[in-house]
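What follows is a single structure, written as structure tokens, with notes after it.
Just so it is clear, none of the values below were taken in a lab; they were calculated from the coordinates. Note that the coordinates shown come from a computational prediction; the quantities given were computed from them, not determined experimentally. Here the Cβ is made from the backbone with ideal geometry for all residues, glycine too, and neighbour counts use every protein chain on show.
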Amino acid sequence: MIRGVRGATTVSSNSAEEILHATEELVAKMIELNKIQPELVGSVFISTTEDVNAVFPAKVLRNFDGWKYVPVMCMREIPVPNSLVKCIRVMMHVNTEIPQKEINHVYLNDAIVLRPDLDAR
């Protein structure tokens, strides 16, 4: 069974260092809370708002042991008026037998406003 594991975070500035740090923190927490093994990950989609473009956030996944062959793609969020700014969103497609309601989704920093009902921190 493939399940989606969601996560999101925000950055305060459009700098490569901050984007990579925030993405690494988010993905590490998603992996930890859901006990994700890289060989069970089908793919990872990472989107950013228009104001986050200093670096590809997906680059940071190569820092995790075993993630070398996991397909990762970056894309831009649609620019909805009055939506959350400087936001990085992650969707992991994971093979797991865990029921959907037991998946731990992670929202850090200002991104908690996106789904406070699902945040597992």
FRET efficiency for L33 and N53, Cβ-Cβ distance as r, R0 = 30 Å, nearest 0.05?
0.60
Going toward the positive end of the dipole of the chain, with +1 on Lys and Arg Cβ and -1 on Asp and Glu Cβ, which of N14, P38, V52 do you reach last?
P38
Nearest 10, in degrees from 0 to 90: the angle of helix 16-34 to the longest Cα principal axis of the chain is 30 degrees
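Suppose every Lys and Arg Cβ carries +1 and every Asp and Glu Cβ carries -1, with no other charges. What dipole size does the range 1-64 come out with about its Cα centre, to the nearest 20 debye?
Its charge dipole is roughly 340 debye.
Would you order D110, D117, D51 from fewest to most other beta-carbon atoms within 10 Å of each residue's own beta-carbon?
Going from sparsest to densest Cβ surroundings: D117, D51, D110.
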Answer with one residue from A28, C87, P71: the one whose Cα lies farthest towards the positive end of the charge dipole of the range 2-113, charges on Cβ with Lys, Arg +1 and Asp, Glu -1.
P71
Test of understanding: extend the Cα→C-beta vector of F45 to 7 Å, then name every residue of the range 97-115 with backbone N under 17 Å from that spot.
106
Principal axis box of the chain, alpha-carbon based, largest edge first, Å:
37, 32, 22
Restricting to the chain, what percent of DSSP beta bridges are antiparallel, rounded to 5?
65 percent
When a/c is below 1.5 the answer is rounded, else prolate if a/b is larger than b/c, else oblate, so apply that to the range 62-121 with a ≥ b ≥ c taken from the square roots of the Cα gyration tensor eigenvalues.
oblate
